[in-house]
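What follows is calculated from the coordinates using simple rules that are stated; it is not laboratory data. Here the structure is a predicted model, which is why all the values come from computation and not from measurement.
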């Protein structure tokens, strides 16, 4: 995730591991933003929870494997 410092305009990146950790901490504390320091001027920049959630890659939805009935387990129609 790319961040641009509000003070000096320097552009820097936040790693995915840090984003995931920040989201977990914010969900537990019910916070609204994560503070990130600029590596150039050390100014604190706020990143909202919504921005963090958008930058986390979504896990692909796995479809469950098709379950086929075992041979002989099907019920035969009853004759009356």
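How much length, in nm to one decimal, is gained on full extension between residue 18 and residue 35, taken as 0.36 nm per residue of separation minus their Cα-Cα distance?
Using 0.36 nm per residue and subtracting the Cα-Cα distance, I get 5.0 nm.
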Computed over the stretch 2-55, the Cα gyration tensor eigenvalues, each multiplied by 5 and square-rooted, give semi-axes in Å (largest first) of 20, 11, 9
